[in-house]
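K.L.:
Have a look at this one before I ask anything.
Values quoted throughout were computed directly from the atomic coordinates according to the rules given, and no laboratory measurement underlies them. Worth saying up front: this structure is predicted, and the values here are computed from it rather than measured. Quick reminder, even Gly has a Cβ in these numbers, built from the backbone with ideal geometry, and neighbours come from all protein chains shown.
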Amino acid sequence: MICGSCLREPPAFDATVAAVDYAIPLDQLVLQLKFGARLALAPWFARRIRDAVLARPGLPLPDLLCPVPLGPARLVERGFNQALEIARPLAAALGVACHPALALRTLDTRAQSGVAPDARARNVRDAFAVADPDLVEGRHVGLVDDVMTSGHTLGELAATLKRFGAARVTNFVFARTPPHP
């Protein structure tokens, strides 16, 4: 199912698989992983994403998974990349390779949660690069992240991968902000 917003302005990614809505009470688990360093939640998130993938028969599996990278300052501050912590067990569960350094965040952007919705696209514009274009060209890349809110971060990263020849980009996220009524 394609939403009206995606029909008006098609995103660079081809599909999104989300395990749950980013809403109470599961939103608290995301916050515990991200800001409370509850890394034991990451494999559980990965299993929920795997279950969501398996619930969509016919969905093509990606050739490889790429966690959404953090900027250097945020990585130092947090001490881990929650997307990578989810991507590793998800890759094992789906039987695909995980490439932790395939994408690089070349700009230390502000956290999207602290940016007004109408400024989020600008905040992440040109924020990513591809470390190994040969791994991307002609392949189906799966992007892994904890939460998809506006979709601008995943969209910008997908656009970057497509510029380097990715044939298809699918987002695999634990939680997605439900559409506003």
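K.L.:
Using just the C-alpha positions of region 122-161 as equal point scatterers, what log10 of I(q)/I(0) does the Debye formula give at each q in 0.23, 0.27, 0.29 1/Å?
P.N.:
Here log10 of I(q) over I(0) equals -0.83, -1.03, -1.12.
K.L.:
Give me the one-decimal nm value for the distance between modelled label points at Ala15 and Ala101, 7 Å along each residue's Cα-to-Cβ direction.
P.N.:
3.1
K.L.:
Normalising by the residue count of region 12-176, find the relative contact order in percent from Cα pairs under 8 Å and 6+ residues apart.
P.N.:
34
K.L.:
If you average over every viewing direction, what projected area does the convex hull of the Cα atoms of the chain give, in nm²?
P.N.:
9.9
K.L.:
Another question, then. Nearest 5 is fine: what % of DSSP beta bridges in region 12-176 come out antiparallel, could you say?
P.N.:
Around 15 percent of the beta bridges assigned by DSSP in region 12-176 are antiparallel ones.
K.L.:
Related question: List Leu135, Leu84, Leu33, Leu90 from most exposed to least, where exposure is judged by having the fewest other Cβ atoms within 10 Å.
P.N.:
Final ranking by Cβ density, sparse to dense: Leu135, Leu84, Leu33, Leu90.
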